[in-house]
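**Q** Input: one structure, supplied below.
Laboratory data are not the source of any read-out in this text; all were calculated from the coordinates shown. Quantities reported herein were computed from a predicted structural model and do not represent experimental measurements. Here the Cβ positions follow ideal geometry from the backbone for every residue, glycine too, while neighbour counts run over all protein chains shown.
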Amino acid sequence: MNWDNITLVGFMGTGKSTVGKALAERLDWAFVDVDLEIEEAEGRSIPDLFREQGEAYFRQAEAQQIARIMQGKQQIVSMGGGAVLREANRKAMSENGLVVALTASAETILERVKNDPDRPLLAGNPEQKIAELLERRKNAYQFADIHINTDNLQVMEVVESILSFPSK
Ligand code: S3P
């Protein structure tokens with residue numbers, strides 16, 4: 001695997017963290033979860049950050065962490081679902097390795113996130129919020145090098161299909 005890094009992007013609940021951990025283990029690379037890096041740098045949870053500082057502040061902190069993390073090598077980087085919204089973030093990902101977009105249907109996403117309180121953007125009516133955000137972000141993942149639908153795949157099947165992508 002001669003990519004500098006492999007970055008996983010995709011909507012909330014598409015499997016980025018689960019697949020990312022399995023892929024990191026398989027390659028013996030570091031696993032880096034951008035949301036956790038933000039929480040550590042800011043000393044607060046993501047829901048607290050959204051509540052206390054707002055989304056714009058969160059996006060700034062996210063961009064800072066992405067710029068820093070993407071300078072590293074041999075990492076599987078799991079991005080937050082909205083990280084693709086900024087051009088500078090997309091550029092940092094594309095210039096520093098393979099970008100894999102994981103996708104899933106709205107039903108699968110709802111099933112995977114419905115009992116998780118840690119996603120402030122889905123608070124209230126998750127079903128409606130998922131539909132709205134999926135529509136708003138429908139083109140945001142197009143820059144990725146590979147797209148994999150995870151609805152009916154086991155974690156290791158996703159890992160293998162990423163690894164079967166030709167090295168550069
Ligand atoms: C967000 C997704 C979350 C987290 C934050 C915002 C988004 O990450 O970064 O709540 O804008 O889609 P996950 O995709 O890991 O849930």
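**Q** Could you work out how much longer the chain between Ser167 and Ser45 gets when fully extended? Use 0.36 nm per residue separation minus the Cα distance between them, nm to one decimal.
**A** Details: separation 122, 0.36 × 122 = 43.92 nm, distance 3.63 nm.
Length difference between fully extended and current span is 40.3 nm.
**Q** Still on this structure: Over the chain, what relative contact order in percent results from Cα pairs under 8 Å that are six or more residues apart?
**A** Working: 239 pairs, mean separation 61.1, N = 168.
Reported relative contact order: 36 percent.
**Q** Something else about it: Compute from the Cα atoms of the chain the Rg and the Dmax, the latter being the longest Cα-Cα distance, and quote both in angstrom.
**A** In Å, with Rg to one decimal and Dmax whole: 15.1, 44.
**Q** On a full-extension model of 0.36 nm per residue, what is the gain between Gln128 and Asp116, subtracting their alpha-carbon distance, rounded to one decimal in nm? Before the final figure, lay out the partial values.
**A** Numbers: separation 12, 0.36 × 12 = 4.32 nm, distance 1.58 nm.
My answer for the length gained is 2.7 nm.
**Q** Taking the Cβ-Cβ separation of Gln64 and Gln154 as r and a Förster radius of 41 Å, what is the calculated FRET efficiency to the nearest 0.05?
**A** Working: r = 35 Å, r/R0 = 0.85.
Here the calculated transfer efficiency is 0.70.
**Q** Calculate for the chain the 222 nm mean residue ellipticity that helices alone would give, adding -39,500 (n - 2.57) per DSSP H run of length 4 or more and normalising by residue count, nearest 500 deg cm²/dmol. Walk me through the intermediate numbers first.
**A** Values: 8 runs with 81 residues, N = 168.
Calculated at 222 nm, the ellipticity per residue is -14000 deg cm²/dmol.
**Q** Treat each spin label as a single point 7 Å out from the Cα along the C-beta direction, and report the Glu52 to Asp28 distance in nm.
**A** If labels sit at Glu52 and Asp28, their model points lie 4.1 nm apart.
**Q** Just to confirm my numbers, what's the Cα centroid distance between the stretch 1-27 and the stretch 36-101 in Å?
**A** 14
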